[in-house]
1. Any idea what log10 I(q)/I(0) is at q = 0.10 Å⁻¹ for the protein assembly as shown, Debye with uniform C-alpha scatterers and no solvent?
2. Starting from one equal scatterer on each C-alpha and no solvent at all, send me the Debye-based log10 I(q)/I(0) for chain B at q = 0.10, 0.14 Å⁻¹, two decimals.
3. Picking from A:Ala78, A:Ala48, A:Ala63, which is most flexible by a Gaussian network model of chain A using Cα springs under 10 Å?
4. Setting aside same-chain residues fewer than 8 positions from A:Lys70, which lysines have a Cα under 30 Å from its Cα?
5. For the residue pair B:Leu26 and B:Arg99, what label-to-label distance in nm results when each label sits 7 Å from Cα along the Cα-to-beta-carbon direction?
6. Give the calculated FRET efficiency between A:Asp18 and A:Lys51 to the nearest 0.05, with a Förster radius of 25 Å applied to their Cβ-Cβ distance.
7. With each pseudo-label sitting 7 Å past Cα toward Cβ, what's the B:Glu59-B:Ser9 distance in nm, one decimal?
8. What is the spin-label model distance, in nm, from A:Ser26 to A:Gln2 if the labels are put 7 Å beyond Cα along the C-beta direction?
Amino acid sequence: GQQLNQSPQSMFIQEGEDVSMNCTSSSIFNTWLWYKQDPGEGPVLLIALYKAGELTSNGRLTAQFGITRKDSFLNISASIPSDVGIYFCAGQGKKSSGDKLTFGTGTRLAVRP
Amino acid sequence: GAVVSQHPSRVICKSGTSVKIECRSLDFQATTMFWYRQFPKKSLMLMATSNEGSKATYEQGVEKDKFLINHASLTLSTLTVTSAHPEDSSFYICSARDRTGIHEQFFGPGTRLTVL
């Protein structure tokens with residue numbers, strides 16, 4: 001199945017640093033979502049974006065829905081050890097297509113205390 | 001609110017046996033549930049969309065006779081892996097969408113299947 005291109009694939013940063021990751025697609029999506037997955041767990045929704053150009057924050061997290069509807073980025077400011085995990089973007093199509101989610105390839109984040 | 005559970009969390013079975021995985025929405029009704037498969041260090045891949053009271057819709061390349069899905073109530077969907085083989089070993093994750101129509105999907109904690 002289709003996957004969205006997510007970069008970087010992995011990051012190893014120092015605690016306190018800011019993190020930026022992005023997601024690109026060849027298709028247009030109506031909604032962009034960012035999830036975090038801890039080992040052996042299901043993904044947990046971090047931020048949802050519903051409108052092209054929208055910039056949304058959730059605590060230290062900020063995400064934007066690209067104007068072209070084909071990309072999105074996620075920033076994490078002042079990283080802390082519990083930010084460790086895998087971050088996935090997901091694009092959601094029209095309700096008529098069943099609201100299916102297409103996931104990105106994931107960004108694995110490691111934080112050095 | 002919006003809790004989704006899966007049972008079992010982990011299962012080991014012999015090759016050739018069938019395994020049933022349950023997905024429940026605990027505090028909301030879900031007309032639609034989704035089943036995903038995730039291989040180690042890979043992303044989630046949608047297997048099928050499960051609609052309450054009707055047949056599931058399978059993604060291209062997913063064998064419907066091998067992965068049987070039943071969505072008999074608004075709070076329960078089951079995935080049965082029939083005649084499991086080692087290549088079916090994976091992390092299976094379900095998600096459920098609230099029937100109120102909000103687009104968000106709530107994910108279960110996943111089921112780790114190991115086929116010997």
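Please treat every number below as a calculation from the coordinates, not as lab data. Because the structure is predicted, anything quoted here is derived from the model rather than measured. Virtual Cβ from ideal backbone geometry, glycine too; neighbours counted across all protein chains shown.
1. With one equal scatterer per Cα and no solvent, log10 I(q)/I(0) is -0.46.
2. With one equal scatterer per Cα and no solvent, log10 I(q)/I(0) is -0.26, -0.51.
3. Taking springs between Cα atoms under 10 Å, the residue moving most is A:Ala78.
4. Result set, ordered by chain and number: A:Lys36, A:Lys51, A:Lys94, A:Lys95, A:Lys100, B:Lys41, B:Lys42.
5. The answer from the label model is 2.0 nm.
6. Values: r = 25 Å, r/R0 = 0.99.
After rounding, the FRET efficiency stands at 0.50.
7. Here the modelled spin labels are 2.5 nm apart.
8. Distance between label points: 0.9 nm.
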